[in-house]
1. Restrict the check to region A:152-160 and report whether at least one residue is over 26 Å from the mean Cα position of the chain (by Cα), farther than 29 Å from B:Thr251 by Cβ and either assigned to a helix (DSSP H, G or I) or basic (Lys, Arg) (or both).
2. Among the helices (runs of 4 or more DSSP H) lying completely within region B:160-230, list those that include at least 1 residues that are loosely packed, with under 14 Cβ neighbours inside 10 Å, in the same structural domain as B:Val89 (by TED's automatic domain parsing) and over 16 Å from the mean Cα position of the chain (by Cα).
3. Go through A:Ile119, A:Ile131, A:Ile147 for me and flag whichever is more than 12 Å from chain B (Cβ to nearest Cβ) and either without any contact (Cβ under 8 Å) to a residue 60 or more places away in the chain or more than 29 Å from A:Leu268 (Cα to Cα) (or both).
4. Of the residues A:Ile288, A:Ile189, which is touching a residue at least 40 places away in the same chain (Cβ under 8 Å), of a type in the set (Val, Ile, Thr) and either surrounded by 15 or more Cβ atoms within 10 Å (Cβ to Cβ) or in contact with a helix residue (DSSP H, G or I) (Cβ under 9 Å, 6 or more places away or on another chain) (or both)?
5. Select from region A:29-45 the residues that are outside any helix (DSSP H, G or I) and of a type in the set (Val, Ile, Thr) and write down the one among them that is nearest to the other protein chains (Cβ to nearest Cβ).
6. Within the bounds of region B:123-145, is there any residue that is within 7 Å of chain A (Cβ to nearest Cβ), touching a residue at least 40 places away in the same chain (Cβ under 8 Å), under 20 Å from A:Leu14 (Cα atoms) and buried (at least 22 other Cβ atoms within 10 Å of the Cβ)?
7. Which of the residues spanning region B:88-102 are surrounded by fewer than 22 Cβ atoms within 10 Å (Cβ to Cβ) and among the β-branched types (Val, Ile, Thr)?
8. Say we look at region B:15-46 and pick out the residues that are in contact (Cβ under 8 Å) with a residue 12 or more places away in the chain and aromatic (Phe, Trp, Tyr); which of these is surrounded by the fewest Cβ atoms within 10 Å (Cβ to Cβ)?
Amino acid sequence: MVMERRWTLYDPRLAWMLVAPVLVLLIFFLVLPIAVMAAYTFFTFVTAGVETSALTTANWHEFFTDSYYSGFLLKTLRVGAITALLCGVLGYFPAYFIWATTFRHKWLLLLLLIVPFWISFTIRTFSWINILGEQGVINVALIKFGIINEPLPMLYNEGAVILGMLHFLLPYMILNVYVSLEGIDRTLISAARSMGCTSAQAFREVTLPLSLPGLAAGLLLCFVLAAGSYVTPQLLGSGRDALFGNLIYDTIMGELNWPMGATLSIVLFVVLGFFAAVYTRYMGMSQIVKGLGG
Amino acid sequence: MKARRKEEGRWAWRLTGFITLCVYIFMFAPIVATVILSFNASMFGGFPMTGFSLQWYYKLMANEQVLAAFRTSLWIALVTAAVTTAVGVVTAFALVRFEFTGKQALSTLVIMPALVPETILGVGLLVLIKAVDQPRTMLLLVLGHILLAVPYVVLITQARMVGIRRVYEEAALSLGASRFASFREITLPLLVPAVVGGALLAFTISFDNTSASLFWRPAGVETMPTQILSMLKISISPEINALGTVMILVTVGIPLVGGLILQSLTRLKRRGQPTEEAR
């Protein structure tokens with residue numbers, strides 16, 4: 001008979017039992033799918049919805065030689081970068097304001113940042129049609145005041161897509177920066193001021209550098225979420241403003257070209273993973289964790 | 001010189017305040033416009049307002065497709081919230097209290113579903129079930145939603161768990177409580193804010209999920225967001241504005257009212273304890 005080792009108070013075996021359900025889910029719904037998808041990139045596409053497991057590099061060859069795909073990728077990265085930078089610039093001010101204000105009902109400002117997370121993302125996105133559309137607030141007001149005669153075409157272009165993404169990503173950015181501002185020891189700023197710094201100098205030399213981790217985490221999060229988006233370009237952009245996520249969706253659900261769809265997914269996964277890896281190499285994971293859970 | 005510098009600082013602060021105001025307006029203007037337009041009497045989904053009317057709400061209540069999608073989303077979100085909270089809290093407990101090889105790797109893996117774009121998760125799972133020749137089922141959709149919500153529940157619970165000292169649990173254990181009893185009687189009550197917050201967030205994530213659901217839903221099944229998306233493909237009718245308003249009322253109103261009730265309850269309780277510090 002096998003002697004069973006006595007279980008200690010914090011026995012690793014118990015830990016594994018506790019994490020087992022989540023671990024199994026992660027393996028079957030995250031790790032395995034990505035592994036199988038990677039294998040699928042070498043499968044042969046026969047016709048819509050049909051492929052064989054005869055190994056080929058045709059998909060990768062097509063991806064690297066057809067400028068259609070690289071163009072899509074570059075456009076997606078460009079739109080993601082523009083969105084993230086705009087989020088950074090526009091998000092820093094509110095985060096700083098909420099942190100520094102002496103307003104008594106600060107919690108209200110924070111609550112208003114969280115409220116958008118509760119509102120359906122699809123609804124928040126399409127609500128821009130009521131602002132920018134031909135019968136939206138801006139056009140109707142401008143026509144009424146006689147400034148323009150014809151409605152301005154503000155929807156269904158890249159600007160509208162970036163605006164929509166800005167709209168849903170700004171709260172992420174503001175909260176990330178705010179969390180890192182909250183972590184600053186305020187006596188450091190008083191110290192800088194008492195040593196003769198102006199408030200601008202104190203901001204530049206103390207506050208800004210210490211809040212950079214939050215800003216960096218926000219930038220990465222906004223970039224990844226923007227570059228991976230599907231709904232916003234679908235609702236606010238025209239066919240020309242489709243991003244990589246839309247390309248993947250159309251390749252799989254429209255053309256039923258699964259091997260190519262898998263190839264494109266792996267490309268996006270690797271490219272975005274590369275940015276995340278560069279980020280964690282310098283900043284670590286902890287700030288992202290704070291931003292997501294905060 | 002000093003006065004001028006002070007003046008500059010004031011202007012910088014005013015500018016910060018102004019930009020903050022603009023950002024808040026930017027975030028809420030479209031939502032406000034949608035709510036207002038839902039009461040428009042006009043036949044078209046847009047301005048100008050031609051009168052006040054509830055007709056789009058009546059129309060919505062008679063739309064069988066929308067109601068079906070709402071019911072589907074509601075029960076998927078309820079199941080997701082319940083299951084994710086249960087497995088997420090237990091996982092967070094293990095990650096905070098225990099030391100084991102691979103813990104660091106597991107912590108990273110757990111937050112991956114929040115960082116990997118949904119399109120990739122969506123395609124990945126589809127490719128996997130195609131490879132093993134399985135159909136798309138409701139179970140798959142629910143498990144997928146649980147995957148998407150797990151990182152948030154684990155992170156929220158972890159953050160709270162770190163602040164709970166393990167001596168409380170160990171005291172219960174040394175007094176003869178079983179492992180399960182100590183968790184149920186000591187740890188869980190201390191975790192309540194995280195559990196409630198995590199469950200609410202898991203519910204919202206599931207109820208709101210669009211991109212991944214487009215890939216995972218079984219043929220013919222619409223969830224609320226995919227239903228809205230397909231309605232938008234046809235035309236922008238004022239009915240969608242009404243639908244949006246109802247959804248906002250449900251998803252914002254319930255947590256807000258719940259939070260306010262909780263707050264006033266604790267305030268009442270506090271008033272009953274006279275020695276509480278006066279602030």
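The values are calculated or read from the model by the stated rules, or taken from the named source; none is laboratory data. Please read these numbers as outputs of a predicted model, since none were measured by experiment. Methodologically, a virtual Cβ is constructed for each residue, glycine included, from the backbone with ideal geometry; neighbour enumeration extends over all protein chains shown.
1. Among the residues of region A:152-160, not one is over 26 Å from the mean Cα position of the chain (by Cα), farther than 29 Å from B:Thr251 by Cβ and either assigned to a helix (DSSP H, G or I) or basic (Lys, Arg) (or both), which makes the answer no.
2. Correct list: B:166-174, B:179-182, B:188-208.
3. A:Ile147
4. When all the criteria are applied, what remains is A:Ile288.
5. A:Thr41
6. Within region B:123-145 (the criterion being within 7 Å of chain A (Cβ to nearest Cβ), touching a residue at least 40 places away in the same chain (Cβ under 8 Å), under 20 Å from A:Leu14 (Cα atoms) and buried (at least 22 other Cβ atoms within 10 Å of the Cβ)), the answer is no, since none of the residues qualifies.
7. B:Val90, B:Val96, B:Thr101
8. Residue satisfying both the conditions and the ranking: B:Phe44.
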